[in-house]
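Down below is the structure, laid out as structure tokens.
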Amino acid sequence: MDEPLSVGVLGYRFMGKAHANALARLPMFFPDAPEVERRVLVGRDEAALSDAADRLGFEGYSTDWESVVGDIDVFYNLGPNAIHADPSIAALEAGTAVFCEKPLAHTLSEAERMRDAARDADATASIAFNYRFVPAVRYAKRLIDAGELGEIHHVRGSYLQDFLVDSEAPWSWRLDADVAGSGALGDLGAHTLDLTRFLVGDRTGNIETVRGQLRTFVDERPVSGTNETRPVTVDDAYTAQATFENGAVGTFEASRFATGHKNDHAVEVNGSKGSLRFSIERPNELEFLGPDDSGFQTIMVTADEDPYLEQWWPDGHVLGWEHTFVHENYEFLSDVAHGTSAESGDRPSSDVPSFEDGYRVQQLLAAIETSDETGERIDVS
Ligand code: SOE
């Protein structure tokens with residue numbers, strides 16, 4: 001019996017809960033997953049950290065990531081984007097596997113440093129693009145890879161939220177360019193650009209050019225618990241157009257001001273023989289139009305034979321957002337335990353995105369920002 005993997009996690013709020021929940025589910029639903037010990041939770045506020053460590057099932061906690069990253073088998077970096085690079089690179093240099101939340105970094109140069117560290121490391125390094133692990137998205141990829149849509153002509157991706165449409169909604173690190181890098185573009189657009197690469201990249205080739213614009217609707221916000229305000233130095237929304245190597249075209253947008261949309265990540269693909277569309281607001285459904293269909297049909301992706309479903313409930317007992325974190329953690333930790341990664345190919349690709357995937361997305365984010373600044377279409381090939 002292999003020793004359990006000792007895990008340290010930096011960050012204990014939203015993503016900390018999503019990943020801790022996933023780790024707790026694995027032994028129950030994925031019995032062949034590597035055994036994991038939630039060893040240490042890392043953060044800055046000792047009181048909050050102590051409470052979170054208890055709640056999230058960690059043995060201990062630390063306010064000093066440098067003393068942690070070399071003493072564990074796996075390091076999760078769930079912190080704000082500006083602290084993705086240094087702790088992750090230190091962990092990789094110590095031979096510790098790393099799972100980093102998206103986007104890879106807050107700047108392209110930091111993402112490049114992380115990508116290079118992963119290349120040089122003898123440890124698995126992956127990025128947590130969780131929407132690759134929705135069963136309906138896996139089902140969609142199988143249809144596209146099987147040629148059911150034919151030649152791909154269009155990809156249409158949007159990620160719409162409305163949590164900032166109230167101008168009194170409080171300031172947070174996500175609104176500070178020095179910490180987040182960008183706003184809706186990097187926080188939400190990164191997901192859509194990765195999902196596009198995952199779904200159609202094998203058939204369209206890479207995105208070759210992008211043109212885009214960013215918009216900030218509200219440029220200062222109240223700081224919770226004070227009567228101060230702070231400037232918003234990132235975008236509240238972006239739109240972009242892309243062209244692919246095979247000639248396909250893409251349209252992308254994300255917003256935190258899309259009134260009425262709460263967490264609506266949606267992708268549509270149109271091909272010469274058919275189309276499909278998906279939204280995380282209806283996570284168990286895939287809309288598909290095949291060559292013989294007169295209109296879109298809704299496929300319920302909840303059958304035992306559908307991706308990941310046999311691990312959960314009988315057909316029709318639907319899954320949610322949190323299950324995508326269980327699936328991605330299962331695949332990532334299996335890569336760590338088997339010493340494989342998406343690139344090494346020692347086992348069927350887990351499709352867990354690598355730091356190279358994270359860097360490719362960061363290149364697209366940077367190109368869209370450059371296009372916004374220059375008004376030019378940017379060549380990213
Ligand atoms: C933003 O509100 C956010 O939490 C993203 O950071 C996550 O990646 C996304 O899955 C949900 O929305």
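The values are calculated or read from the model by the stated rules, or taken from the named source; none is laboratory data. Source: prediction; values computed, not measured. Cβ atoms come from the backbone with ideal geometry, glycine included; neighbour counts cover every protein chain shown.
Of the residues D346, D292, the single one that is in the same structural domain as K141 (by TED's automatic domain parsing), modelled with pLDDT under 95, part of a loop (DSSP other than H, G, I, E, B) and loosely packed, with under 13 Cβ neighbours inside 10 Å is D292.
Can you tell which of S172, S158 is outside the structural domain of H106 (by TED's automatic domain parsing), within 16 Å of the ligand (Cβ to nearest atom) and within 22 Å of D372 (Cα to Cα)? So the residue among S172, S158 that is outside the structural domain of H106 (by TED's automatic domain parsing), within 16 Å of the ligand (Cβ to nearest atom) and within 22 Å of D372 (Cα to Cα) is S158.
The residues listed here are R115, R55; of these, the one that is within 20 Å of the chain's Cα centre (by Cα), closer than 27 Å to V134 by Cβ, part of a helix (DSSP H, G or I) and more than 16 Å from the ligand (Cβ to nearest atom) is R115. Scanning segment 196-236 for residues that are crowded, with 23+ Cβ neighbours inside 10 Å, touching a strand residue (DSSP E or B) at 6+ places or on another chain (Cβ under 6 Å) and under 30 Å from R138 (Cβ atoms) yields T196, V200, T204, I207, V210, G212. Cβ-Cβ distances below 8 Å connect the following pairs, each with a first residue in segment 187-208 that is within 16 Å of V380 (Cα to Cα), a second residue that is of a type in the set (D, E) and within 16 Å of the ligand (Cβ to nearest atom), and a separation of six or more residues or different chains: D194/D357; R197/D357.
Residues in segment 92-106 that are of a type in the set (D, E, K, R) and either away from the ligand (no atom under 16 Å from the Cβ) or outside any loop (DSSP other than H, G, I, E, B) (or both) were compared, and the one that is farthest from Q363 (Cα to Cα) is E93.
Any residue at all in segment 73-84 that's within 21 Å of the chain's Cα centre (by Cα), over 22 Å from R174 (Cα atoms), more than 16 Å from the ligand (Cβ to nearest atom) and crowded, with 19+ Cβ neighbours inside 10 Å? I'd like the intermediate steps shown before the answer.
As a first pass, look at segment 73-84 and keep what is within 21 Å of the chain's Cα centre (by Cα): 74-84.
Now drop any that are not over 22 Å from R174 (Cα atoms), which leaves 74-75.
Those still in the list that are more than 16 Å from the ligand (Cβ to nearest atom) too: 74-75.
Still in the list and also crowded, with 19+ Cβ neighbours inside 10 Å: 74-75.
Looking through segment 73-84, at least one residue is within 21 Å of the chain's Cα centre (by Cα), over 22 Å from R174 (Cα atoms), more than 16 Å from the ligand (Cβ to nearest atom) and crowded, with 19+ Cβ neighbours inside 10 Å.
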